[in-house]
Amino acid sequence: DFLAGNESVPKHLRDKIARSFGKHKDNFELHSTMAAALRANVTFEEFSTEIKSRPNGKSGGISGFTINMLKALPIEAQASIFDVMNDLWKLRADESVIPESWFHRWICTVPKVKGACDIKQIRPISLYEVLRKIWTSMINKRISAVWEQLGTLHASQHAYRLGMGTDTELIQIINVIE
């Protein structure tokens with residue numbers, strides 16, 4: 001297990017990652033490349049780029065802090081937030097330093113059709129803290145980059161891949177049917 005003894009990654013995450021590597025347990029290149037990607041320092045440039053890439057007007061999590069608020073902060077304030085977040089990332093083996101609000105989400109309902117009140121026309125959404133979304137997105141991009149770089153995922157895997165999704169998979173299915 002490439003994460004064995006690596007206390008910088010919380011145990012619950014080490015367990016999930018270890019299970020996901022069942023098919024690739026002997027792939028040293030995958031293990032070492034992924035470990036290096038997850039150990040690498042997060043940069044302010046990554047953080048800033050991720051903030052800028054987020055669409056405006058989205059709801060915040062339980063705290064009510066939104067992406068618009070984060071974008072409106074002076075760069076010095078964003079840098080201070082980044083420093084705190086980076087310190088938390090470096091201490092991630094200690095789950096007690098993870099912000100309590102990151103363990104929760106706010107579940108709301110939104111109408112599928114404007115003004116709908118019928119339960120069949122309403123769908124649930126989960127609202128997460130904006131800083132959690134920013135940080136996890138940066139880490140997810142690192143993981144995805146390793147998968148793509150090493151060709152780990154099967155060519156028919158469309159979920160969780162840049163430029164792919166249910167729409168591209170449906171095109172494949174339609175082509176097979178035709």
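May I ask you to list the trypsin sites (Lys or Arg not before Pro) in the range 107-178 that are in a DSSP loop and have at most 15 other Cβ atoms within 10 Å of their Cβ? Provide the component values of the computation, followed by the final result.
Numbers: sites: LYS112, LYS114, LYS120, ARG132, LYS133, LYS141, ARG142, ARG161; in loops: LYS112, LYS114, ARG161.
When the trypsin sites (Lys or Arg not before Pro) of the range 107-178 are filtered for loop state and at most 15 Cβ neighbours within 10 Å, LYS112, LYS114, ARG161 remain.
Report, in listed order, any pair from LYS11/LYS133; LYS112/LYS141; LYS52/LYS112 with a Cα-Cα distance greater than 23 Å. Let's see the in-between values first.
Details: LYS11/LYS133 21 Å; LYS112/LYS141 30 Å; LYS52/LYS112 28 Å.
Table pairs above 23 Å Cα-Cα are LYS112/LYS141; LYS52/LYS112.
Relative contact order for the chain: what is it in percent, counting Cα pairs under 8 Å that are at least 6 residues apart?
Working: 140 pairs, mean separation 41.4, N = 178.
It comes to 23 percent, rounded to a whole number.
As a check on your grasp of the helix formula, calculate [θ] at 222 nm for the chain: sum -39500 (n - 2.57) over DSSP H runs of n ≥ 4, divide by the residue count, round to the nearest 500. All intermediate terms of the calculation are to be shown ahead of the outcome.
Values: 7 runs with 87 residues, N = 178.
My calculation for the chain gives -15500 deg cm²/dmol from helical runs alone.
Would you list LEU127, LEU30 from the most to the least accessible area, probe 1.4 Å? Don't jump to the answer; show the numbers that get you there.
Details: LEU127 25, LEU30 0 Å².
The ranking, largest first, comes out as LEU127, LEU30.
Considering the values [x] 1.01; [y] 0.98; [z] 1.10, which represents Rg/Rh (Cα atoms, Kirkwood Rh) as calculated for the structure under consideration?
[x]
Separation of the range 131-178 and the range 45-103 by C-alpha centroid, Å?
Going from one Cα centre to the other spans 24 Å.
Using +1 at the Cβ of each Lys and Arg and -1 at the Cβ of each Asp and Glu in the chain, identify which of ASN27, GLY151, GLY165 lies farthest towards the dipole's positive end.
The residue sitting most towards the positive pole is GLY165.
The values are calculated or read from the model by the stated rules, or taken from the named source; none is laboratory data. Nothing here was measured: the structure is a model prediction, and the numbers come from that model. All Cβ positions, glycine included, derive from the backbone under ideal geometry; neighbour counts span all protein chains shown. For the accessible areas, the whole protein counts, side chains as well, though only heavy atoms, and no ligand, DNA or RNA atoms are used. Shrake-Rupley method; radii C 1.70, N 1.55, O 1.52, S 1.80 Å.
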